Amino acid sequence: DTAVSQTPKYLVTQMGNDKSIKCEQNLGHDTMYWYKQDSKKFLKIMFSYNNKELIINETVPNRFSPKSPDKAHLNLHINSLELGDSAVYFCASSRRLREGGDTQYFGPGTRLTVL
Amino acid sequence: AQSVTQLDSQVPVFEEAPVELRCNYSSSVSVYLFWYVQYPNQGLQLLLKYLSGSTLVKGINGFEAEFNKSQTSFHLRKPSVHISDTAEYFCAVSAGGNKLVFGAGTILRVKS
């Protein structure tokens with residue numbers, strides 16, 4: 001029973017293409033996140049959604065568009081992929097947004113390689 | 001804004017030896033503190049977190065951390081490491097709104 005799942009696990013594509021990464025959580029959480037881990041393993045939050053509403057948008061280029069069809073899903077669509085988008089993207093979820101101490105549960109990651 | 005500094009990028013240690021991974025944070029408001037572990041090719045898993053109360057926090061796999069407000073530190077310790085503890089460890093801070101700010105990570109290499 002995977003708590004937070006992501007598909008695909010690996011994604012190799014050419015510059016200029018458009019791609020999507022899907023995330024699903026079965027924990028009943030209200031809040032979901034996308035993080036980017038670069039080649040130096042530095043982790044940075046990109047987006048946060050609470051009950052399908054965008055809460056955090058961390059100066060991410062407009063080419064990145066998160067979409068939350070329901071509380072259990074948060075997908076990431078990336079237009080016009082660039083070399084610098086190559087990274088591991090992690091989805092996470094937590095129970096609620098209001099308090100900052102909630103544990104975030106992370107998915108296994110999607111390794112995106114842009115050629 | 002919050003920031004986290006993990007002072008060591010890599011820590012090599014022999015099996016059954018004690019280890020300390022250092023973490024310092026900066027914030028103008030009260031924070032919550034976390035340690036996450038990332039095993040190779042996997043996602044992050046929570047080791048422990050400090051919310052309030054006792055400054056010594058115990059986590060999974062025998063790890064513990066001590067919150068020191070005056071030194072703005074949250075160092076992670078384990079009295080005796082195993083080969084299986086080899087992983088990357090991330091310290092993180094949150095000041096509300098569940099926005100985690102991570103440090104750069106410390107790779108713990110346990111040698112036999």
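The values are calculated or read from the model by the stated rules, or taken from the named source; none is laboratory data. Small disclaimer: the values here were computed from a predicted structure and weren't measured. Glycine also receives a Cβ, built like all others from the backbone with ideal geometry; neighbour counts cover every protein chain displayed.
Just one of the numbered conditions (1) surrounded by fewer than 21 Cβ atoms within 10 Å (Cβ to Cβ); (2) free of Cβ contacts under 8 Å to residues at least 40 places away in the same chain is not true of residue A:45; which one?
The one condition residue A:45 does not meet is (1).
Could you count how many residues in region B:3-44 are under 16 Å from the mean Cα position of the chain (by Cα), surrounded by 15 or more Cβ atoms within 10 Å (Cβ to Cβ) and closer than 25 Å to residue A:34 by Cα?
15
Hey, does region A:80-92 have a residue that's within 16 Å of residue B:44 (Cβ to Cβ) and among the hydroxyl-bearing types (Ser, Thr, Tyr)?
The first filter runs over region A:80-92 and keeps only residues within 16 Å of residue B:44 (Cβ to Cβ), leaving A:87-92.
Within this subset, residues satisfying the condition of being among the hydroxyl-bearing types (Ser, Thr, Tyr) are A:89.
Yes, there is a match, as at least one residue in region A:80-92 is within 16 Å of residue B:44 (Cβ to Cβ) and among the hydroxyl-bearing types (Ser, Thr, Tyr).
Which of the following residues is farther than 15 Å from residue B:76 by Cα and hydrophobic (A, V, I, L, M, F, W, C): B:7, B:48, B:21, B:44?
Exactly one residue qualifies, and that residue is B:44.
If we keep just the residues of region A:55-105 that are away from chain B (no Cβ under 14 Å), surrounded by fewer than 17 Cβ atoms within 10 Å (Cβ to Cβ) and not in a loop (DSSP other than H, G, I, E, B), which is farthest from the chain's Cα centre (by Cα)?
A:83
Just wondering, is there one or more residues in region A:36-48 that are of a type in the set (Gly, Ala, Ser) and within 14 Å of chain B (Cβ to nearest Cβ)? Break it down stepwise before answering.
Residues of region A:36-48 of a type in the set (Gly, Ala, Ser): A:39, A:48.
Restricting the remaining residues to those that are within 14 Å of chain B (Cβ to nearest Cβ) gives A:39, A:48.
Looking for residues that are of a type in the set (Gly, Ala, Ser) and within 14 Å of chain B (Cβ to nearest Cβ), one finds at least one in region A:36-48, hence yes.
When you scan region A:35-54, how many residues do you find that are closer than 20 Å to residue B:95 by Cα, under 12 Å from the mean Cα position of the chain (by Cα) and polar (S, T, N, Q)?
The total comes to 1.
In region B:81-112, what residues are modelled with pLDDT of 95 or more and among the charged types (D, E, K, R)?
If the condition is that a residue be modelled with pLDDT of 95 or more and among the charged types (D, E, K, R), then B:85, B:88, B:109, B:111 are the ones that fit.
Consider region B:59-80. How many of its residues are surrounded by fewer than 16 Cβ atoms within 10 Å (Cβ to Cβ), without any contact (Cβ under 8 Å) to a residue 60 or more places away in the chain, over 23 Å from residue B:27 (Cα atoms) and of a type outside the set (Val, Ile, Thr)?
Final tally of qualifying residues: 2.
Report whether or not residue B:47 is within 14 Å of another protein chain (Cβ to nearest Cβ), within 14 Å of residue B:6 (Cα to Cα) and of a type in the set (A, V, I, L, M, F, W, C).
Details: within 14 Å of another protein chain (Cβ to nearest Cβ): yes; within 14 Å of residue B:6 (Cα to Cα): no; of a type in the set (A, V, I, L, M, F, W, C): yes.
Against the criterion (within 14 Å of another protein chain (Cβ to nearest Cβ), within 14 Å of residue B:6 (Cα to Cα) and of a type in the set (A, V, I, L, M, F, W, C)), residue B:47 does not qualify.
From A:100, A:84, A:109, grab the single residue that is small (Gly, Ala, Ser), modelled with pLDDT under 90 and closer than 25 Å to residue B:103 by Cβ.
Exactly one residue qualifies, and that residue is A:100.
Within region A:20-35, take every residue that is assigned to a strand (DSSP E or B) and surrounded by fewer than 18 Cβ atoms within 10 Å (Cβ to Cβ) and give me the one that is nearest to the other protein chains (Cβ to nearest Cβ).
A:22
(1) at pLDDT below 95; (2) assigned to a strand (DSSP E or B); (3) buried (at least 16 other Cβ atoms within 10 Å of the Cβ): which one isn't true of residue A:6, the others all being true?
The number of the failed condition is (1).
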